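Just so you know, all these numbers are worked out from the coordinates, no wet-lab data involved. If you're wondering where the values come from, they're calculated on a predicted model, not measured in any experiment. Cβ sites come from the backbone with ideal geometry, for glycine too, and all protein chains shown count toward neighbours.
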């Protein structure tokens, strides 16, 4: 018989391939392309510091302008071993030269767009053969100049993989057997289901890269246009990929990228053997992104939303007060969050009692117990219900309002009654 009453009671699942997996970050590269935001050099440095604190293995960055290069210098000046700072370039020698100019960078991504729409329409190339020649020449140039490489296979989930992309990757691996093959689900068309063939099936593509082409390093780079970016990233790991490229909060173009915080949480809490990442700064990281970068975080956003550990409804709050495991999937401190109990129109007496006791402790410095049938508690509940019954109140009751109710019913009224009793005694 299995009993699940605590977090430690729940079993963890295992990656079926048993490979070591890692995470690379694209927040300051792909994420920086999100419309409406600007990442200054100091922003990139702070993001780098958070990534170091978490334990992310790599990040990639542009090196096109002075702002990019200033940020890179500031990051290297920190002296951290991780995350490794890597470059990113289009498949032209001049771009690769920009990476080579920064001697501390030892690896670069090389953009290789592989769908016909990208090669023929976006880039204006005459045919697939011209694209292949361009990509292989650029890769060879990077390798000849001592760089480790990462082939950014753009739009692979809308490309002719069997007749163009896979043969191209074979030639890439001939030039650099250690090249990381980045499977890019650029418009989010990939699906995480087995049995789905190209160009959509992430499991089948990863399997082919690993088993047929013998790629040593396979990385997913998934966009969230259909809401499957995290699922596709996990599917990549499940079928043999050893890297996933993500952004914090999923920022990026259009619907953004796979969200780092979700992947980290899934690996750390649900999968066996992933204690290497420190998630305690995730809430602080999210607040930085919201305050300094202007990324609006929905209250109900997984992992870092303000409502993740907020409880209001009667059944939920009563359960969490007795045992947080009942309605919280993991303890708040895991991600640097805080548990919050709110009083609203769906709150029951149990959470109100908890808030009143907590407020009394703050006011008086001692822990007091208030019974559920205490008339004063019921009076507060009645007053709150009136606010919502008239349908004029559209927000939760603040802690300041709870304190006012506690002062009114638990502190002031007993004093008034006691003073009145003394006066009556005096008259008698």
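Checking the a/c ratio against 1.5 first, then a/b against b/c, what shape does the Cα gyration tensor give for the range 82-197? Write down the numbers at each step before the final one.
Working: a/c = 1.86, a/b = 1.44, b/c = 1.29.
It is prolate, given that a/c is not under 1.5 and a/b is the larger ratio.
Panel order for 281, 179, 184, by other beta carbons found within 10 Å of each beta carbon, from fewest to most: 281, 179, 184. The convex hull defined by the C-alpha atoms of the range 1-86 has an orientation-averaged projected area of 9.1 nm². Decide, for the range 259-417, between rounded, prolate and oblate: order the square roots of the alpha carbon gyration tensor eigenvalues as a ≥ b ≥ c, take rounded if a/c falls under 1.5, and otherwise choose prolate if a/b is larger than b/c, else oblate. Because a/c hits 1.5 or more and a/b exceeds b/c, the range 259-417 counts as prolate. Axis angle, to the nearest 10 degrees, between helix 41-54 and the longest C-alpha principal axis of the chain: 80 degrees.
Using only Cα atoms, tell me the angle between helix 166-175 and the longest principal axis of the chain; keep it within 0 to 90° and round to the nearest 10. In the chain, helix 166-175 runs at an angle near 80 degrees to the longest axis.
Could you state the number of Å between the C-alpha centres of the range 290-332 and the range 119-140? Taking the Cα centre of each part, the range 119-140 and the range 290-332 sit 48 Å apart.
Per DSSP H run of n ≥ 4, the term is -39500 (n - 2.57); total these for the chain, divide by its residue number, and report the mean residue ellipticity at 222 nm rounded to 500 deg cm²/dmol. Taken over the chain, the calculation gives -11500 deg cm²/dmol. Taking the range 159-303 on its own, what percent of its Cα-Cα pair distances exceed 27 Å? Cα-Cα pairs in the range 159-303 separated by more than 27 Å: 26 percent.
State the antiparallel share, in %, of DSSP beta bridges confined to the chain, rounding to the nearest 5. The partial results should precede the final answer.
On the way: 2 of 39 bridges.
Rounded to the nearest five, the antiparallel share is 5 percent.
Which label belongs to the value computed from this structure, given these candidates for semi-axes √(5λ) of the Cα gyration tensor in Å: (i) 56, 23, 19; (ii) 31, 27, 22; (iii) 34, 28, 20? Label (i) holds the value from this structure.
Sorting 213, 173, 139 by the number of Cβ atoms found within 10 Å of their own Cβ, with the fewest placed first, yields 213, 173, 139.
Using Cα-Cα distances under 8 Å and only pairs 6 or more residues apart, what relative contact order does the chain have, in percent?
On the way: 712 pairs, mean separation 56.2, N = 428.
About 13 percent, as a whole number.
Between the helical axis of 260-270 and the longest alpha-carbon principal axis of the chain there is an angle of about 70 degrees. I'd like the distance separating the alpha-carbon centroids of the range 206-259 and the range 43-86, in whole Å. Comparing the Cα centres of the range 206-259 and the range 43-86, I get a distance of 22 Å.
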